[in-house]
Amino acid sequence: NSKVIQTPRYLVKGQGQKAKMRCIPEKGHPVVFWYQQNKNNEFKFLINFQNQEVLQQIDMTEKRFSAECPSNSPCSLEIQSSEAGDSALYLCASSPDKNERLFFGHGTKLSVL
Amino acid sequence: QQKVQQSPESLIVPEGGMASLNCTSSDRNVDYFWWYRQHSGKSPKMLMSIFSNGEKEEGRFTVHLNKASLHTSLHIRDSQPSDSALYLCAASDTNTGKLTFGDGTVLTVKP
């Protein structure tokens, strides 16, 4: 069973709506990654954090996507104005170090109608 | 641009056979390779990692790495139907911590 907790498991939004998903990393893991996996199984890196600091993020994330990992609260990924092309499985993963293996959550499956 | 290329896209092997999966990075900054396995409807789980030239074996699984060509391969001997899954290769740049995944190889092991 995954120790990385993602909520909700399923999220349905209309185009233009905000979509927010959360992730509680495994205890003791300061590094958190967010990936988008589309229906063709393609993985796209979105952003990663070490503690509360952003390590890297892609351009897409800088525009409609926002993410944070506040101390003592779940990490979150939010899409400000959802588009049909955002429909995907959003996977959160945590790690004890940025160069260690990732432990994935079950994901949030977003459907934008 | 896709920086981690995996081949083949899909592979069918008979039960008991050998499955060979390939992965190459085009990013000269990467120095660590990972293989993850994702069963249908499940989250990916790390299988093996390698950062030194050569070979690493764990049970039925063997990973090779050629750092000069940034090519890694995963070999599964005595394949079982339970090995049927999406196999994802990932390459990391240990300076930045960025981990890039390939598009995966779908392995089907037929009984």
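Readers should treat all values here as calculations from the given coordinates under stated rules, not as data from a laboratory. From a predicted model like this one, the values you see are computed outputs, not experimental measurements. Cβ atoms come from the backbone with ideal geometry, glycine included; neighbour counts cover every protein chain shown.
A few remarks follow.
- Shielding value for A:102-112 is 3, the average number of Cβ atoms from other chains within 10 Å of each residue's Cβ.
- Gap separating the Cα centres of region A:2-64 and region B:75-111, nearest whole Å: 21
- Taking a Cβ cut-off of under 12 Å around residue B:44, the surrounding Lys, Arg, Asp and Glu residues balance to a net charge of +4, with basic ones at +1 and acidic ones at -1.
- Net charge dipole, region B:1-59: roughly 240 debye, given to the nearest 20, about the Cα centre with Cβ charges of +1 for Lys and Arg and -1 for Asp and Glu.
- Qualifying lysines (Cα of each under 24 Å from Cα of residue A:20; at least 8 residues distant if same chain): A:3, A:39, A:44, A:63, A:109, B:42, B:98
- Neighbour count of at most 14 Cβ within 10 Å plus DSSP loop: longest trypsin sites (Lys or Arg not before Pro)-free window in chain B: B:78-111
- For chain A, Kirkwood radius (reciprocal of mean inverse C-alpha pair distance, Å): 13.8
- As a proxy for reagent exposure, A:54, B:63, B:13 were ordered by neighbouring Cβ count within 10 angstrom, fewest first; the result is A:54, B:13, B:63.
- In region B:1-86, the GluC sites (Glu not before Pro) that fall in loop regions by DSSP, at most 14 other Cβ within 10 Å: B:9, B:15
- When only Cα pairs below 8 angstrom with a gap of at least 6 residues are kept, chain A shows a relative contact order of 39 percent.
- Applying both filters, DSSP loop and at most 13 other Cβ atoms within 10 Å, to the GluC sites (Glu not before Pro) of region A:61-113 gives A:83.
- The charge dipole of region A:47-113, taken about its Cα centre with unit charges on the Cβ atoms of Lys, Arg (+1), Asp and Glu (-1) only, comes to about 180 debye.
- Here the contact order of chain B, divided by its residue count and restricted to Cα pairs under 8 Å and six or more residues apart, works out to 37 percent.
- Taking chain A as a Gaussian network of alpha-carbon nodes connected by springs under 10 Å, the highest mean-square fluctuation of the residues A:70, A:96, A:30 belongs to A:70.
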